[in-house]
2 protein chains.
Amino acid sequence: MTTSEGATRVPVGESGLDPRIAARLKRDRDGLIAAIVQQHDTGEVLMLAWMDDEALHRTLTTGRGTYWSRSRQEYWVKGETSGHAQWVKSVALDCDADVVLVKVDQAGGACHTGARTCFDADVLECHVA
Amino acid sequence: MTTSEGATRVPVGESGLDPRIAARLKRDRDGLIAAIVQQHDTGEVLMLAWMDDEALHRTLTTGRGTYWSRSRQEYWVKGETSGHAQWVKSVALDCDADVVLVKVDQAGGACHTGARTCFDADVLECHVA
């Protein structure tokens, strides 16, 4: 799918990620942190994806939202095939250093279904007692 | 910490969660889905937490953000000890059914550090080529 980005996972120690950042990350057992992606101006939460050190490095240095696909086991640059690119505005690490909030300018729909966000279709009913 | 909520994990099949919702969830290998928590009016992303079926059930039926603590291995109701409650406005399931977006009215700081959000303290430098 995104052959230019490669399906070969870059080991943590070989990533170009700033070592001062890498030293702080609390990765899960698969070596990943969660990435919440938010439209920078409207505040819409667009999607949740996953990053290893190299995906975070690429996101910080290319300005394009870049993730590790757990299902396809490869790097993917959002919009590379769909054209729905994510232009990165800021990246913030959370208090536990296992989640980043990526604020972006999203072109078109962020969801693979074509919807603007991955949360548009399925609001669950709340029955507050 | 939250003894009234219990440290005993409720098995999936014994949760009170609506079976039509439970049938759709794609839980991780620990039986959990991610919960992105957002302030409903300002759009601030407050925190990321985790839910099993029972935590989602309690969130949907009590109107209070309720999660499963991976570190303490117990249910916790946000604000029960801090007073910084999350009053639930809506819950939406994402396209892959493994993440919920919980829109809340957050009293005070959402972060255990006292900050308004868990993403306030640590913005990473972007060096776009």
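Here are the numbers:
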read-out: Count - residues of region B:29-47 that are closer than 18 Å to residue B:114 by Cα and buried (at least 23 other Cβ atoms within 10 Å of the Cβ); value: 5
read-out: In region A:58-92, the residues that are among the charged types (D, E, K, R) and farther than 19 Å from residue A:117 by Cβ; value: A:58, A:70, A:72, A:74, A:80
read-out: Any hit, region A:4-23, residues being more than 17 Å from residue A:110 (Cα to Cα), in contact with a His (Cβ under 7 Å, 6 or more places away or on another chain) and within 13 Å of chain B (Cβ to nearest Cβ); value: yes
read-out: Region B:12-31, residues that are touching a residue at least 12 places away in the same chain (Cβ under 8 Å) and of a type in the set (Lys, Arg); value: B:24, B:26, B:27
read-out: Test for residue B:25: is it surrounded by 15 or more Cβ atoms within 10 Å (Cβ to Cβ) and assigned to a loop (DSSP other than H, G, I, E, B); value: yes
read-out: Condition check for residue B:105: among the charged types (D, E, K, R), at the interface with another protein chain (Cβ under 9 Å from one of its Cβ atoms) and surrounded by fewer than 23 Cβ atoms within 10 Å (Cβ to Cβ); value: no
read-out: Flag if residue B:120 is surrounded by 14 or more Cβ atoms within 10 Å (Cβ to Cβ) and more than 13 Å from residue B:47 (Cβ to Cβ); value: no
read-out: Positions within region B:74-94 being within 13 Å of chain A (Cβ to nearest Cβ) and either touching a residue at least 60 places away in the same chain (Cβ under 8 Å) or among the basic types (Lys, Arg) (or both), in sequence order; value: B:89, B:93
read-out: Test: residue in region B:111-125 that is touching a Cys at 6+ places or on another chain (Cβ under 6 Å), at pLDDT below 95 and either over 19 Å from residue A:100 (Cβ atoms) or within 13 Å of chain A (Cβ to nearest Cβ) (or both); value: yes
read-out: In region A:52-67, residue farthest from residue A:37 (Cα to Cα) [restricted to those that are under 10 Å from the mean Cα position of the chain (by Cα) and surrounded by fewer than 24 Cβ atoms within 10 Å (Cβ to Cβ)]; value: A:52
read-out: Candidates B:7, B:97, B:107, B:34 - the one that is out of contact with any Cys (no Cβ under 7 Å at 6 or more places or on another chain) and without any contact (Cβ under 8 Å) to a residue 60 or more places away in the chain; value: B:107
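The values are calculated or read from the model by the stated rules, or taken from the named source; none is laboratory data. Bear in mind that the values here come from a model prediction, so they are computed numbers and not experimental data. In this analysis, Cβ positions are derived from the backbone assuming ideal geometry, glycine residues included, and neighbour counts consider all displayed protein chains.
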